[in-house]
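Here's the structure, in structure tokens; my notes come after.
The values are calculated or read from the model by the stated rules, or taken from the named source; none is laboratory data. This is a predicted model, so every value here is computed, not measured. Glycine gets a Cβ as well: all are built from the backbone with ideal geometry, and neighbour counts include every protein chain shown.
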Amino acid sequence: MIRILVVDDQPLMRMGFRMILSAEPGFTVVGEAADGQQAVHLATQLRPDVILMDVRMPGVDGVEATRRIVADRAQARVLILTTFDLDEYAFSGLQAGASGFLLKDVPPAELTSAIRAIASGDAVVSPRITRHLLDAFVPHPGHPATPSDPRLEQLTLRELEVLQHLAGGLSNAEIAAALFVTEGTVKTHVTRTLGKLGLRDRVQAVVFAYQQGIAHP
């Protein structure tokens, strides 16, 4: 059972998310918070697996709440929810330790799929805003290229292949099919690749791959 905390300053929005998630097998909404301060408190008290975090809230916003939750080493993983496809708050949320972000108007099936992915340890960024993410973090053509990172030399050829597939947005199952290996083997390669590069999750791996020219928009 995936335990979920819903954080949004709009009661109707919280109600809508609760209705969608409560109807999904394997999900339980353990609480709701109307602001970041309450979210930090409930993250410790209720120990959810996933927190749906609105970023734009009065008082303690979602970015600061995410930063505090991650700093407290809470078990919860944070999924940022935003209204705007190009939102500096959402980017800041990723830097603060969120495992991904989605637009609030995503179809319910995409939302529930993202929650399952994050609960299993993956990171999620909506395909609709991946390009905006890359535009924000990756140098544009004509800008000086990022020097090759020496950490790349630590990767085996297989790990480099896995990084390229990660940058292409493939899931572990899709990478396994492409490389003719088991999904368990892919998970091992992903873990080792992230560890060698000092990256937190798949979102950072995608950005890193584009910065190093391993992948291209």
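Annotations for the structure displayed:
- Note on region 85-113: among residues that are of a type in the set (Gly, Ala, Ser) and more than 22 Å from Ile20 (Cβ to Cβ), the one that is modelled with the lowest pLDDT is Ser92.
- Residue that is nearest to the chain's Cα centre (by Cα), among those in region 188-213 that are surrounded by fewer than 16 Cβ atoms within 10 Å (Cβ to Cβ) and under 14 Å from Glu161 (Cα atoms): Thr191
- For region 201-210, the count of residues that are of a type in the set (S, T, N, Q) and at pLDDT 90 or above is zero.
- Which listed residue is surrounded by fewer than 19 Cβ atoms within 10 Å (Cβ to Cβ), basic (Lys, Arg), more than 21 Å from Arg202 (Cβ to Cβ) and at pLDDT below 90, from Arg73, Arg56: Arg56
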